[in-house]
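Visitor: This is the structure I want to talk about, given as structure tokens.
The values are calculated or read from the model by the stated rules, or taken from the named source; none is laboratory data. Values in this document were obtained by computation on a predicted structure and should not be read as measured data. Note that each Cβ is placed from the backbone with ideal geometry, even for glycine, and that neighbours are counted across all protein chains shown.
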Amino acid sequence: MPAETGRGVPGEPAGRRIPGQTPKWRWVAAALVLCLLAFGGYALLARSGKAQPGTGKKGGGAAARSMPVAAVPAKKGDIGVYITGLGSVASKNTVTVRSRVDGQLMEVLFREGQIVRNGQLLARIDPRPFETQLAQVEGQLARDQALLKNAELDLARYRILLQQDSIASQQMDTQEALVRQYEGTVKADQGQVESARLQLAYSRITAPIGGRVGLRLVDAGNMIHATDPNGLVVITQLQPVTVVFSIPEDSLPGLLARMKEGKKIPVEAWDREGKRKIATGELFTVDNQIDPTTGTVKLKAIFQNSGNELFPNQFVNARLLMDVVRGTVVVPTAAIQRSTRGIFVYVVKPDKTAEMRPLSLGPSQGDDQAIREGVAPGELIVVDGADRLRDGAKVELQAPASNGTHK
């Protein structure tokens, strides 16, 4: 018998592979690969939260998690309809104080930035040349008055002599003409005296209006002239002041109709950013033509400015009150949301879920927005955190910030 040279197969060598039979090490390698794949898949599922039972409720849950929001109730109130325009403050009267005579400026009696009253003494010019001129014309007047008096006495004597037929009537006529000549001379002298007194009065420079003086333009000791272009100082009247602003021409018909009613139309002056109200006045007048380049018309409002809140040439936002909408629903402007689907707010329902509510807006005033349709008074309106909400989302109410409330 031939000897066994291979295990299981007679006559084959021990190290030779039988065709169709897989080696054991390949089975081991395949098993290791499958184990690695199974372990990697398990780790991936565990990381995503699906490897453990019950994690689907916790992780899927943006809709189940409550979103912190701040909300305030919608209120019922009055809101104004305003027309807003850019404007600037203008002094009602501005005067450049100039000398009316030539001379040396002896004294300046005002302080820069001082509030002066009408007629207050501001400066003095050397009065001596004007006093000398006044003395000369007063002497001339006295001399001519004496000549007139003598001529009147002679005329009285000539009348008596003419009645006695002692002189010719021609001499009487000549004397009457002389008296009239002296009367004219005296009147001319009186005019020169008044002129000299006026020149002397002009050496005292007084304030023509009450207001605030600006920076001094001439120092004491300088020679000043009536023809100087700059003058001594500029006075601006601060009480009252006016604000000149422009509104679109489309708003003019409604404004004119309101003016025909004879009611005073309030105008508010706000700062450059439109956040702080500076003063309140009333409409004074409307310009007589529309600017064709801008399509606007100029308006002038008057402000008492008792506290000097407004300053000449100051930039302001003027708001003219056209009408008042009474008894409307009012919400903060921070609650208004806009999207491709329109304008809406989030209303917090009693079950602490958010509801997207479309709106019909009315006029706005500051931080308040009037609502025509969509919200009822008392409903809670989300003012903070609306950017993270979805319709039907659970919410958790928090105290609103100070800028989120409305009055």
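Here's the yes/no breakdown for (1) over 17 Å from Q104 (Cα atoms); (2) crowded, with 16+ Cβ neighbours inside 10 Å; (3) of a type in the set (D, E, K, R); (4) in contact (Cβ under 8 Å) with a residue 24 or more places away in the chain:
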position	(1), (2), (3), (4)
Q192	yes, yes, no, yes
A196	yes, yes, no, yes
Y202	no, yes, no, yes
L232	no, yes, no, yes
Q237	yes, yes, no, yes
G254	yes, no, no, yes
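Visitor: Run down N313, N288 and say which single residue is at pLDDT 90 or above and within 15 Å of V243 (Cα to Cα).
Guide: Checking each option against the conditions leaves just N313.
Visitor: How many residues are in contact (Cβ under 8 Å) with a residue 12 or more places away in the chain, outside any loop (DSSP other than H, G, I, E, B) and either of a type in the set (V, I, T) or out of contact with any Leu (no Cβ under 9 Å at 6 or more places or on another chain) (or both) if we restrict to region 90-128?
Guide: Qualifying residue count for the region: 13.
Visitor: Name the residue that is modelled with the lowest pLDDT, counting only residues in region 60-81 that are of a type in the set (G, A, S) and assigned to a strand (DSSP E or B).
Guide: Only one residue tops the list, namely G80.
Listed here are the residues, each with its yes/no results for (1) within 30 Å of N317 (Cβ to Cβ); (2) over 27 Å from the mean Cα position of the chain (by Cα).
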residue: A335; (1), (2): yes, no
residue: G342; (1), (2): yes, yes
residue: K352; (1), (2): no, yes
residue: L361; (1), (2): yes, no
residue: S364; (1), (2): yes, no
residue: G374; (1), (2): yes, yes
residue: G378; (1), (2): no, yes
residue: V383; (1), (2): yes, yes
residue: G392; (1), (2): no, yes
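Visitor: In region 395-404, which residues are surrounded by fewer than 17 Cβ atoms within 10 Å (Cβ to Cβ) and part of a strand (DSSP E or B)?
Guide: Answer for region 395-404, where residues must be surrounded by fewer than 17 Cβ atoms within 10 Å (Cβ to Cβ) and part of a strand (DSSP E or B): E396, L397, Q398.
Visitor: Ok, one more. Going through L178, L198 one at a time, which residue ends up being under 59 Å from the mean Cα position of the chain (by Cα), closer than 25 Å to A142 by Cα and among the aliphatic types (A, V, I, L, M)? Steps first, please.
Guide: Numbers: L178 fails: under 59 Å from the mean Cα position of the chain (by Cα).
Among L178, L198, only L198 is under 59 Å from the mean Cα position of the chain (by Cα), closer than 25 Å to A142 by Cα and among the aliphatic types (A, V, I, L, M).
Visitor: Same structure, new question: Give me the residue from region 340-388 that is assigned to a loop (DSSP other than H, G, I, E, B), charged (D, E, K, R) and touching a residue at least 24 places away in the same chain (Cβ under 8 Å) and, out of that set, farthest from V325 (Cα to Cα). Can you show your working first?
Guide: Pass one, region 340-388, residues assigned to a loop (DSSP other than H, G, I, E, B): 340-341, 349-352, 359, 366-367, 374-379, 385.
Next, from what is left, pick out any that are charged (D, E, K, R): 341, 349, 351-352, 367, 379.
Remaining after also requiring touching a residue at least 24 places away in the same chain (Cβ under 8 Å): 352, 367, 379.
Values: K352: 32, D367: 16, E379: 20 Å.
In this case the residue turns out to be K352.
Visitor: Next up: With the condition kept exactly as written, say whether any residue in region 329-338 is β-branched (V, I, T), farther than 21 Å from S66 by Cα, in a loop (DSSP other than H, G, I, E, B) and touching a residue at least 60 places away in the same chain (Cβ under 8 Å).
Guide: no
Visitor: Run down T236, T296, T280 and say which single residue is farther than 26 Å from G211 by Cα and in contact with a Pro (Cβ under 7 Å, 6 or more places away or on another chain).
Guide: That would be T296, the only listed residue that is farther than 26 Å from G211 by Cα and in contact with a Pro (Cβ under 7 Å, 6 or more places away or on another chain).
Visitor: Return the residue satisfying two criteria in turn: it lies in region 66-96 and is over 30 Å from R212 (Cα atoms) and among the hydroxyl-bearing types (S, T, Y), and of such residues it is surrounded by the most Cβ atoms within 10 Å (Cβ to Cβ).
Guide: For region 66-96, the residue satisfying everything is Y82.
Visitor: Follow-up question, since we're still on this one. Within the bounds of region 97-115, is there any residue that is surrounded by fewer than 18 Cβ atoms within 10 Å (Cβ to Cβ), aliphatic (A, V, I, L, M) and in contact with a Ser or Thr (Cβ under 8 Å, 6 or more places away or on another chain)?
Guide: No: zero hits.
Visitor: Anything in region 323-336 that is of a type outside the set (S, T, Y) and surrounded by fewer than 18 Cβ atoms within 10 Å (Cβ to Cβ)? List them, or say none.
Guide: Matches in region 323-336: D323, V324, V325, R326, G327.
Visitor: Suppose we keep only residues that are over 30 Å from L178 (Cα atoms) and among the hydrophobic types (A, V, I, L, M, F, W, C) within region 115-161. Which one would you say is farthest from the chain's Cα centre (by Cα)?
Guide: Within region 115-161, the match that is farthest from the chain's Cα centre (by Cα) is F130.
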